[in-house]
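Working notes for the structure below.
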Amino acid sequence: VSNRTPLIAGNWKMNLNHVEAAGLVQKLAWTLADAKYDPSKSEAALLVPFTDLRTVQTLIEGDKLPLQFGAQDISVHDKGAYTGEVSADMLAKLNCSYVVVGHSERREYHGETDALINEKAKVALAAGITPIICVGEKLDVRKAGEQVPFVLAQIDAVLAGLTAEQVASLVIAYEPVWAIGTGEVATPEDAQEVCGAIRVRVGELLGAEAAEKVRIQYGGSVKAGNVVAIMAQPDVDGALVGGACLVAEEFAQIVLFYA
Ligand code: PEP
């Protein structure tokens, strides 16, 4: 049995303005409180648009809600002439605990490479923000049965130059691209196969302690109805949840998977 606290993280993507955000956070907090949510059994984090961060921070800190929060992207630059970008310092000043780096949608629509994602992870860590680093194969790779070597090559690249201590502290999200937003969830065995292989690789690269401590999430069409079986896998330490996190009751049920 591992000592890793599972992390259930809701990726809002480009949904909810700051007024809608306040409504969802309050409803989620009430639902979790009613169900006697125990954050020591599963940590819950909200990964929200930049424009929602201040509102979400104010609610969570003001009401001492048992929720973490963070952003969906981070600039590799410190400051300066980078129109539209948001720096690590800006996110740290808002008390962000987490930031998603390398989501498949950013890889696909913004051309993000493993090398850039590696840089973003380093910038986040240097600012005291925990990166949630996303990896995962597309359908053609899965059909060819190449998912494990493909994802391990991504792991080698996104973790390059990080210390064992840094890797022990961060989160890796295994998100098979064919399962994101498609309703097609990987089987618990599929999730375990790749998450387990990632942990072995972290051990080879950085030693047993980093492998034991690093949290590895599964993401891809996680819902209240399938989370329990996925979380029962030994190397799955949580879930990165897209669509289902926009409904307070459903996300609460996912956070409460242990109940
Ligand atoms: C995601 O965007 O990280 C994700 C897993 O989305 P969904 O849950 O909607 O498949």
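The values are calculated or read from the model by the stated rules, or taken from the named source; none is laboratory data. Bear in mind that the values here come from a model prediction, so they are computed numbers and not experimental data. Counting neighbours? That spans all protein chains shown, and the Cβs are built from the backbone with ideal geometry, glycine included.
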Legend entry - Flag for G136 being at pLDDT 95 or above and within 12 Å of the ligand (Cβ to nearest atom): yes
Inset, instruction - Please verify whether segment 74-91 includes one or more residues that are surrounded by fewer than 19 Cβ atoms within 10 Å (Cβ to Cβ), assigned to a helix (DSSP H, G or I) and under 21 Å from the mean Cα position of the chain (by Cα). - result: yes
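Of all residues in segment 92-118, count the ones that are in a helix (DSSP H, G or I) and under 23 Å from A160 (Cα atoms).
The qualifying residues number 10.
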Inset, instruction - Tally the residues that are closer than 10 Å to V228 by Cβ and within 12 Å of the ligand (Cβ to nearest atom), restricting the search to segment 241-259. - result: 1
Inset, instruction - Just give me the residues in segment 82-116 being hydrophobic (A, V, I, L, M, F, W, C) and within 14 Å of the ligand (Cβ to nearest atom), in sequence order. - result: V99, V100, V101
Inset, instruction - Hey, could you check segment 181-217 for residues that are within 16 Å of I132 (Cα to Cα) and either outside any helix (DSSP H, G or I) or of a type in the set (D, E, K, R) (or both) and say which is nearest to the ligand (Cβ to nearest atom)? - result: Q217
Inset, instruction - Return a yes/no flag: does segment 2-17 have any residue that is part of a helix (DSSP H, G or I) and without any contact (Cβ under 8 Å) to a residue 40 or more places away in the chain. - result: no
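So which of V123, V148 ends up being part of a helix (DSSP H, G or I) and farther than 27 Å from V227 by Cα?
Numbers: V148 fails: farther than 27 Å from V227 by Cα.
Step by step, each of V123, V148 is checked, and only V123 is part of a helix (DSSP H, G or I) and farther than 27 Å from V227 by Cα.
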Inset, instruction - Determine whether segment 175-186 contains at least one residue that is under 19 Å from I8 (Cβ atoms), modelled with pLDDT of 95 or more and within 18 Å of the chain's Cα centre (by Cα). - result: yes
Legend entry - Selection count, segment 218-240, where residues are assigned to a helix (DSSP H, G or I) and either over 30 Å from W30 (Cβ atoms) or within 15 Å of the ligand (Cβ to nearest atom) (or both): 3
